[in-house]
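In what follows, a structure is listed as structure tokens, so that the remarks can point back to it.
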Amino acid sequence: MVSAILLGATSVLLGVLHGADPDHVVEMTDFVSQDPRTRRVMGFACKFGGGHTMTVLTAGLTVQLLKKAVPEVFSTWFEVVSGLLLVALGLWAMRRTWLRLRVLAKPHSHHGHRHTHGAYPASSLDARIFSYGPILTGVATGLAGSAAVMLLGPVASAPTLPATLGYILLYGVGVIGFMTAYGIVVARVLRLMDASRKLALISRTVVGGLSVVVGGVWMYRAAVALRVLV
């Protein structure tokens, strides 16, 4: 009983630690930078964590059933996909920032009163990215980086299939918890910067640029690893 509780707590802690991986943090920041409202931030975190947990759950149960570890080359290919998504999200975030702030900078009228405001309008493409992007990035990062190693202890120690399922779900709780807390903090900072159009533009551009850089580094590192593994 005590060992099960310890393994469960360890699973949650590992989820929190894995949630702090650079690719996870940057991807979450991309989404939050484009709509930092608390309700949306929580939605992004749940979708990302849900997609992430779904991938890890599938892999973990497969490992438990087949009694074989996830091949390293498989995890490395996930890093390539994660890097591509980071680059794509960064470019999208920068483009949307420039377009949104340019539109919002133009005064318009409501009932004869001309003004500008700081809403977060979304095109049909933006709406789809907001809806499905966090899930897709969560799935893609499910086995990238340290995910495959993180749960090795709890999964290997699980005596039954339900126990494996429970540890992985607790791991997902940790990921979602960290993503939510981190996203809310970042959203608060970004909303404060929205008071200045210049600061809003700089902060969002930096976020998008960082995503492109991290994605490029991720892909390069994975490509080097694949040359050794293949």
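The table for this structure:
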| quantity | calculated |
| --- | --- |
| Approximate spin-label separation S196-M54, in nm, with each point projected 7 Å along Cα-to-Cβ | 4.1 |
| Hull-based mean projected area of the range 1-67, where the convex hull spans the alpha carbons, in square nanometres | 5.8 |
| Residue exposure sequence - R227, R197, R128, R100 - by fewest surrounding Cβ within 10 Å | R227, R128, R197, R100 |
| Those residues of the range 181-211 whose amide nitrogen sits under 12 Å from the label point placed on V217, 7 Å along Cα→Cβ | 210-211 |
| Label-point gap, in nm, between Y132 and L99 - each point 7 angstrom along Cα→Cβ | 1.7 |
| Difference of contour (0.36 nm per residue) and Cα-Cα distance, L165 to R188 | 4.8 nm |
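Since every read-out is calculated from the coordinates, none of them should be taken as a lab result. Source: prediction; values computed, not measured. Here the Cβ is made from the backbone with ideal geometry for all residues, glycine too, and neighbour counts use every protein chain on show.
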